[in-house]
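Enquirer: My structure is below; once you've seen it, I'll send some questions.
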Amino acid sequence: MISFSKFFKENQSSQVAALLLLLLLLAIGGVPGYLTGRWQWKQPPPVTTLKELKQIRNAGLVLPGWQTIEQAEQQIGEHKWSLQVIKKEGSESQAILLLLPQNGPMDQPEVEWTDVNGWGRSRWGKWDIAQYRSAEFTVQPPAKLISKVETKVEARFFRAATPQQTFAVLQWYAMPGGGNPSPFHWFLADQLAQWRKQRTPWVGVSILIPMEPLGQVETSWPLAQSIGETVQAKLMADSL
């Protein structure tokens, strides 16, 4: 039998913390409530930035160093997203920025990446996803926060090739304390926040960067990382 001391030595502290949180949530029946959509709180604490989040769908984001060429609401799956075409100032670099902000206190992230993939297929043709990897980047905290610790974002990064267009795609759920492509990561953060009578707002982010047909997605990583950092920082400063 492995001793607890050996267990803690062989596993990273973050993994241990996540395991302990999961066991606790299972014990109180939180996970079944999440999966069925029936929260154990009839009236969860309000999302204090809900007004700011809803404005994103109508107006998108004003990103420093980027010009908005077009912005509109876009029906993707069962949700309305903000579709924003942006162009880097002093450059020919362009990208499509899709944002799905939380729409209410009971609204939770679910299968948004599948919806985006389906929308891409209907718009440009079948998506051939390749060169998938996990990606990380860090963001400086906004001035309004007392803590000056850098925020880490984990995301999905891959190439999506279609008969008409090839994109480098970066996706994650933006939250006040960082970001992650997994809905369960938000669920854990929101449960902890509710125990403190608070909430964890979220925004689904999907960035599509045009690239050469069937090229190497890593050539687009510097630009994807730059846009990702700018979007996360702007959301943390104004909406989350």
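Enquirer: Val139: touching a strand residue (DSSP E or B) at 6+ places or on another chain (Cβ under 8 Å) and of a type outside the set (Gly, Ala, Ser), yes or no? Talk me through it step by step, then tell me what you get.
Expert: Details: touching a strand residue (DSSP E or B) at 6+ places or on another chain (Cβ under 8 Å): yes; of a type outside the set (Gly, Ala, Ser): yes.
So Val139 fits the description; yes.
Enquirer: Next question, about the same structure. Can you report the number of residues in region 183-211 which are more than 24 Å from Pro109 (Cβ to Cβ) and crowded, with 18+ Cβ neighbours inside 10 Å? Give the steps one after another, and end with the answer.
Expert: First pass over region 183-211, keeping only residues more than 24 Å from Pro109 (Cβ to Cβ): 210-211.
Next, only the ones that are crowded, with 18+ Cβ neighbours inside 10 Å stay: 211.
Residues meeting the conditions: 1.
Enquirer: Further, regarding this structure: Going by what's in this entry, would Thr151 be described as within 28 Å of Asp107 (Cα to Cα), open to solvent by 10 Å² or more (accessible area, probe 1.4 Å), modelled with pLDDT of 95 or more and not acidic (Asp, Glu)?
Expert: no
Enquirer: Right, another one. Of all strands (runs of 3 or more DSSP E) completely enclosed by region 63-139, which ones contain at least 3 residues that are under 17 Å from Gly228 (Cβ atoms), free of Cβ contacts under 8 Å to residues at least 60 places away in the same chain and open to solvent by 80 Å² or more (accessible area, probe 1.4 Å)?
Expert: 128-139
Enquirer: Can you name the residue in region 154-175 that is touching a Leu at 6+ places or on another chain (Cβ under 8 Å) and of a type in the set (Phe, Trp, Tyr) and is also surrounded by the fewest Cβ atoms within 10 Å (Cβ to Cβ) among such residues?
Expert: Phe167
Enquirer: Asn180 is checked against (1) more than 28 Å from Ser122 (Cα to Cα); (2) touching a strand residue (DSSP E or B) at 6+ places or on another chain (Cβ under 9 Å); (3) not charged (D, E, K, R) and fails just one. What number does that condition carry?
Expert: (1)
Enquirer: Additional query: For Leu214, state whether it is among the aliphatic types (A, V, I, L, M), out of contact with any Asp or Glu (no Cβ under 8 Å at 6 or more places or on another chain) and surrounded by fewer than 18 Cβ atoms within 10 Å (Cβ to Cβ). Break it down stepwise before answering.
Expert: Values: among the aliphatic types (A, V, I, L, M): yes; out of contact with any Asp or Glu (no Cβ under 8 Å at 6 or more places or on another chain): yes; surrounded by fewer than 18 Cβ atoms within 10 Å (Cβ to Cβ): yes.
Yes; evaluated as a whole, the condition is true for this residue.
The values are calculated or read from the model by the stated rules, or taken from the named source; none is laboratory data. Bear in mind the structure is a predicted one, so any value in this text is a computation, not a measurement. Every residue, glycine as well, gets a Cβ built from its backbone with ideal geometry; the counts of neighbours run over all protein chains shown. Keep in mind that these areas ignore ligands, DNA and RNA; they rest on the heavy atoms of the full protein, side chains included. Shrake-Rupley method; radii C 1.70, N 1.55, O 1.52, S 1.80 Å.
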